[in-house]
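Q: The structure under discussion is supplied below as structure tokens; questions concerning it will follow.
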Amino acid sequence: MLFRSEDMKFIMRHLMDEHGMRRIDILTGFQGNEAAERRVEGYREALEEHGIPFEPARVHYGDFWFSSGEALANRYISGELPLPEAIFCTSDHMAYGLLDVFLKNGIRVPEDVAVTGYEYIHERIYHSPLLSTFQRARNEMGRRAVRCLCRLIAGEPMDFTSPPGIWVPGRSCGC
């Protein structure tokens, strides 16, 4: 499996256990997209593990790109949506869109709202505050994929599991 719901759970556990947050919104990709929906599944599972009811209204769909984060930030700023304690973006690009619009409009991150990302895109130094995010183990994933291909070519059963990644702290979640 290329996707690890454990990655999503790790981020959520960090927000809930380390920062005591309970009102956490999620911004993910296209509705119906397998990756986006599986990321929501990990978010939901982490909430349930902590006895927090899953609220579909806290799930926001976008396109994994800056514009999704910008659009969601504007919905909070306009008062259309109440500002949660944290916003978990399932791609760093969406988180950067949020951060940039919040900065321009006086929303303080993490004082007013925490923001986290996923993927560890290196442009994080160009946004403020420095994004707290999760880095997938891309190199190990590539090695495992090659081993799987070699097994497939040899006619052996293929067994691929995505390796665990690491948390990359920044300043956007309050750490």
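The values are calculated or read from the model by the stated rules, or taken from the named source; none is laboratory data. Fair warning: this is a prediction, and the values are worked out from it, not measured in the lab. Note: ideal-geometry Cβ built from the backbone for every residue, glycine included; neighbour counts use all protein chains shown. Side chains included, ligands, DNA and RNA excluded: accessible areas come from the protein's heavy atoms. Shrake-Rupley method; radii C 1.70, N 1.55, O 1.52, S 1.80 Å.
Q: Give the number of residues within the stretch 10-34 that are of a type in the set (Gly, Ala, Ser) and either under 16 Å from Phe134 (Cα atoms) or surrounded by fewer than 14 Cβ atoms within 10 Å (Cβ to Cβ) (or both).
A: 2
Q: Working only within the stretch 121-162, note down all residues that are closer than 17 Å to Lys9 by Cβ and in contact (Cβ under 8 Å) with a residue 40 or more places away in the chain.
A: Correct list: Ser132, Thr133, Phe134, Arg136, Thr161, Ser162.
Q: Hey, another quick one. Under 9 Å between Cβ atoms, which residue pairs at least 6 apart in sequence (or on different chains) link something in the stretch 42-60 that is closer than 11 Å to Phe10 by Cα and assigned to a strand (DSSP E or B) with a partner that is open to solvent by 60 Å² or more (accessible area, probe 1.4 Å) and of a type in the set (A, V, I, L, M, F, W, C)?
A: none
Q: Counting residues that are open to solvent by 80 Å² or more (accessible area, probe 1.4 Å), which strands (runs of 3 or more DSSP E) fully inside the stretch 69-175 reach at least 2?
A: The strands (runs of 3 or more DSSP E) meeting that bar number zero.
Q: Let me ask something else about it. I'd like the residue in the stretch 148-175 that is at pLDDT 90 or above and of a type in the set (A, V, I, L, M, F, W, C) and, out of all such residues, is farthest from Leu131 (Cα to Cα).
A: Trp167
Q: Looking at the stretch 4-26 only, could you name the residues that are outside any helix (DSSP H, G or I), over 14 Å from the mean Cα position of the chain (by Cα) and in contact (Cβ under 8 Å) with a residue 60 or more places away in the chain?
A: Residues satisfying the conditions are Met21, Arg22, Arg23.
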